[in-house]
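Data block below; observations after.
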Amino acid sequence: MHFGLKQKRGIGAILNKIRLVADGVYKHTSGSTTAPAIVPFPGWPRVDEVKRNVEAVLDGIEEIIDKDPNIRHMVLMFDKIATEKRTCWDQSSNKLLGMCLELEFNNEVDIEKMFKMIDKGELHHTAEATVGAMGILCGNHQLYPACPVLVSGDCKRETG
C-alpha cells in the first residue's frame, strides 16, 4: 500500500492491486515472480490453512533468507480493517465469504437460505477483518514488505 501511495495511485488502484494479489495473478513489473495466492478464512482460521498460507508466502524466498546475513528478525503483525458488508463467492474453496459463519455454496437453495438467515438476524455480514502479516526485518527490499498470511472476518456481534 505504501508503495502505491508513493507512486501517487488512488485508493481504487491500490485496492485493485490487493485484489489481484489475493487472486494470485499480480506480477511484479519485472515479470519474474508472482505473488502467492493466500486462502481467506470463512469463519475461524484453521491451523492447516494458516500453515498453507505461510508456506506459500515463504516459498522461493528461503534461499534468499539463507544467504542474507543481515536479517535481523521476523515478526507477525496483526491489524483490523473495515470491510464492505457484502457476500462474495470464493471459487477455490466453493465457500461464501463475507459472513460470520462458514457457508458452502452448492446451489441456489443455499443462497436463498443465506438471505433468509440474514433477514431473521441469524446470520450477519462481516464488519471488519483481522489481517495477519509476516514481516522480515532487513534491508533487502525483496524481503522487507509485509506478506499477509491470515485474513479472517468478524461481524462484531456478541454471541454465546
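The table for this structure:
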item	result
Sequence-distant residues sharing a close amide H with residue 97 (under 5 Å, placed H)	88, 89, 90
Fraction of alpha-carbon pairs over 19 Å apart in the stretch 38-120 - percent	55 percent
Exceeding the 23 Å Cα-Cα cut-off - candidates 51/85; 85/120; 51/80; 116/156; 51/113	51/85; 51/113
Backbone HN-Hα couplings from phi across the stretch 117-129 [Karplus 6.51/-1.76/1.60, Hz, Gly and Pro as x]	5, 5, 4, 7, x, 7, 9, 10, 6, 5, 9, 8, 10
1.4 Å probe accessible area per residue over the stretch 72-160, in Å²	68 Å²
Nonlocal amide H pairs with residue 149, under 5 Å, H built at 1.01 Å	132, 133, 134
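The values are calculated or read from the model by the stated rules, or taken from the named source; none is laboratory data. Worth saying up front: this structure is predicted, and the values here are computed from it rather than measured. These accessible areas exclude ligands, DNA and RNA; they are computed on the full protein's heavy atoms, side chains included. Shrake-Rupley method; radii C 1.70, N 1.55, O 1.52, S 1.80 Å.
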